[in-house]
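Report on one structure; see the data block that follows.
The values are calculated or read from the model by the stated rules, or taken from the named source; none is laboratory data. Computed from a prediction, not measured in an experiment: that's the story for all the values here. Cβ: placed from backbone, ideal geometry, glycine included. Neighbour counts: every protein chain shown.
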Amino acid sequence: MDMDRLEIRARLEGVNPSVLTMVLVQLTGDMELLAHYAPMLSKPGEFADTIMPVDLALLYDKLATVLAEPGHKAPVITPEQLHQMMNAFCKEQVSERYLPMLFEDLEFKIDPPAFDRASPAAKTRSKDLKVLIVGAGASGICAGIKLAEAGIAFEIIEQHSDVGGVWHENTYPDCGVDSANHLYCYSFALNHNWSRYYVKQAELKDYLRDCAVDGGVMQHIKFQQEVLRLEYNEPTAMWHCTIRDKAGAVRTEIVTVVIGATGQLNQPSIPPIKGLESFKGTQMHTARWDESYDFTGKNIAMIGTGASGIQAGPPLAKIAAQLTIYQRSAPWALPRHNYKNLVTDNVKWVLAEVPGFARWYRFMLLWAYGDAVHDALIIDPDWDGGTLTISKRNADIRTLWETYIKEELADRPDLLEKAMPDYPPFGKRALRDNDWFTTLKRDNVELHNTGICHIEPDAIIDKDGTRHPTDAIVFATGFHASRMIYPMEVVGKGGQTLRDIWGDDNPRAYLGICVPGFPNLFLTYGPNTNLAHGGSIIFQSECQVHYIIECLANLSEAGDKTMEITQEAHDEYNTVLDDALSKMVWTHQGVTNWYQNKQGRVTTNSPWPLVEYWQMTRRVEPGVFTMKKEQ
């Protein structure tokens, strides 16, 4: 490292000391250092200053000395030592089942890509594959990068003018991630230069575009084109894809494989409210934001207090004459360490320059915000603590979250009943507090939870009969999340469509990826793959893309032309899935959420801990696919 020891030491100050400790141990192999510092480390996610100043100074000194040493070579760390380091870092025994996943994320032991393990014949046959990806969001870009690495021909059809998916479509004020950025990114493309720990929409979209460019994907994307229909041709075992370009011209492309990467959150939902069609003012959904409209000095109605409402509400309140918020149920809005903080130059430097730091920092986030709370979402059938909680662990979390809301609204007891959720933690998506409670206390903000009776040309009438003059309506009302691969028509074997099987809102798939009757069709962010306990949806996308590449390698290895998930494997998986879902908080009595379809079935969420889904998608189980050379 071309920097003297004192300058390096100065750069280390103010950087997470627990992570620095792991880096020092890894670079020196000194397990006595681990034993010394282990009792002082803070638990991942607590971010506490628990190392005494004298020990902290020693840590800085030792690490700076190692980093300044010309040509320093780190010793080989054994799996046993790494496991010991994980146990000390996590302040608990890390289960053996997590080790393969965590080893890979730390780049300690990486599973070779499927086509690196494939035979020369399989690699040759893979050149005959032609893949069409629908959508250039995070999943579509990930699929493109991995197909490019495997040497498989592909193109991406994207209906918008740029990449990004939801991060292109959603541009409402303060739109941003509520997952930590250093986890909400590709494991193979860590970004050391995030400006914040939780960035806003534009920066995340830029990151995705950079990944598409660096991964050689951009030249494969056809923008402002829409896939209207996907039809499987049985005699040729090919997919016929009907595509319309921005000029309105329609063409058909023929491919061997289709990857649907359209996700769950792209069909805005606007509730059917009596009189809405008569409204003369401006109305818009948060996912279809009109940036030309000036909300300054207006009487704004915001309907919905979910993820987009809790972000858009505070900035709107600052410029509105009046912001009237209509709430169906109160959100859990929680504090999160570093939510509004900028990443310091020292941290950026250490992430980029100190070997191993970025990986251990990501490990910390994965452990803290991954499966750590998964057990709190599982219903204890013997629990007798009332309907507002589902288990002892869930009740403990409710106590913490309730305490935070009570502290925030201590000076406004009139708001407390409206703002306190009447359902268990995690029954709906837990959100980050974006100055939400401060906003509710503003003089120009009113929160209503009685419901809307009807809408008039210039006002909203609530169910108490009160008339609220309204210039603009903002629908922060989410999406038709259960309408997947919509509105395109997807026709499989025998002329059967996905809509015939799924109806309007009851999608099912094996691992959320494969559907019987639709050979060589794969989905990302499909049915029951959304995360509602922690982690990152990009983690899920990587798991799914990994599995798809494994499938294509199997197909090429066998010399077959098609693979179709068997009905038996699909049904067995969904039986186990439904059983797991029935024990989760989202199905608890009285809980309603966007995870459920009209029949009350949870169609969007995965009940599995991250590690289980990671394991499920590592390899293709023998016998679950019907493989054919020709039809």
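Annotations
- Thr399 vs. criteria touching a strand residue (DSSP E or B) at 6+ places or on another chain (Cβ under 9 Å), surrounded by fewer than 16 Cβ atoms within 10 Å (Cβ to Cβ) and of a type in the set (Val, Ile, Thr): no
- Residues located in the range 253-297, provided they are in contact with a helix residue (DSSP H, G or I) (Cβ under 9 Å, 6 or more places away or on another chain), charged (D, E, K, R) and surrounded by fewer than 12 Cβ atoms within 10 Å (Cβ to Cβ): Asp294
- When residues of the range 486-499 are limited to those that are aliphatic (A, V, I, L, M) and either more than 20 Å from Arg288 (Cβ to Cβ) or touching a His at 6+ places or on another chain (Cβ under 9 Å) (or both), the one surrounded by the most Cβ atoms within 10 Å (Cβ to Cβ): Val490
- Restricted to the range 443-484, and to residues there that are in contact with an Asp or Glu (Cβ under 8 Å, 6 or more places away or on another chain) and of a type in the set (Ser, Thr, Tyr), the residue that is surrounded by the fewest Cβ atoms within 10 Å (Cβ to Cβ) is Thr450.
- Test result for Ala352, outside the structural domain of Lys428 (by TED's automatic domain parsing) and farther than 24 Å from Glu417 by Cα: yes
- Helices (runs of 4 or more DSSP H) completely within the range 1-108 that count 3 or more residues being closer than 24 Å to Leu190 by Cβ: 5-12, 17-28, 53-68, 79-90, 99-105
- Qualifying positions in the range 548-570 - in contact with a strand residue (DSSP E or B) (Cβ under 8 Å, 6 or more places away or on another chain) and not in a strand (DSSP E or B): Ile548, Cys551, Leu552, Asn554, Leu555, Ala558, Asp560, Lys561, Thr566, Ala569, His570
- Arg5 being touching a residue at least 40 places away in the same chain (Cβ under 8 Å) and under 25 Å from Val343 (Cβ atoms): yes
- Only listed residue being touching a residue at least 60 places away in the same chain (Cβ under 8 Å), more than 30 Å from Val134 (Cα to Cα) and in contact with a Ser or Thr (Cβ under 6 Å, 6 or more places away or on another chain), chosen from His454, His480, His468, His448: His468
- For the range 502-512, the condition holds for no residue, the condition being that it is at positive phi, in contact with a Gly (Cβ under 7 Å, 6 or more places away or on another chain) and at pLDDT below 95.
- Pro527 being under 25 Å from the mean Cα position of the chain (by Cα) and part of a loop (DSSP other than H, G, I, E, B): yes
- Selected residue (criterion: farthest from Leu63 (Cα to Cα)) from residues of the range 342-393 that are of a type in the set (A, V, I, L, M) and assigned to a loop (DSSP other than H, G, I, E, B): Leu388
- Looking at Val611, Val545, Val620, just one residue is in a loop (DSSP other than H, G, I, E, B), within 24 Å of Pro100 (Cβ to Cβ) and in contact with a helix residue (DSSP H, G or I) (Cβ under 7 Å, 6 or more places away or on another chain), and that residue is Val620.
- Any hit, the range 589-600, residues being over 29 Å from His480 (Cβ atoms) and either without any contact (Cβ under 8 Å) to a residue 12 or more places away in the chain or touching a strand residue (DSSP E or B) at 6+ places or on another chain (Cβ under 7 Å) (or both): no
- Residue, nearest to Ile538 (Cα to Cα), within the range 193-208, restricted to residues that are touching a Gly at 6+ places or on another chain (Cβ under 7 Å) and part of a helix (DSSP H, G or I): Leu208
- Condition met for Asn233 (modelled with pLDDT under 95 and either in contact with a Ser or Thr (Cβ under 6 Å, 6 or more places away or on another chain) or among the polar types (S, T, N, Q) (or both)): no
- Strands (runs of 3 or more DSSP E) enclosed by the range 235-311 - at least 3 residues per element that are outside the structural domain of Cys142 (by TED's automatic domain parsing): 282-285, 299-303
- Residues that are of a type outside the set (Phe, Trp, Tyr), out of contact with any helix residue (DSSP H, G or I) (no Cβ under 8 Å at 6 or more places or on another chain), farther than 30 Å from Asp4 by Cβ and not in a helix (DSSP H, G or I) are absent from the range 119-127 altogether.
- Flag set for Ala153, criterion: in contact with a strand residue (DSSP E or B) (Cβ under 8 Å, 6 or more places away or on another chain) and over 30 Å from Ile473 (Cα atoms).
- Filter result for Val250 (surrounded by 21 or more Cβ atoms within 10 Å (Cβ to Cβ) and among the β-branched types (Val, Ile, Thr)): no
- A residue that is more than 23 Å from Ile390 (Cα to Cα) and assigned by TED's automatic domain parsing to the domain that holds Gly535 occurs somewhere in the range 584-600.
- Test: residue in the range 138-146 that is of a type in the set (A, V, I, L, M) and more than 28 Å from Asn520 (Cβ to Cβ): no
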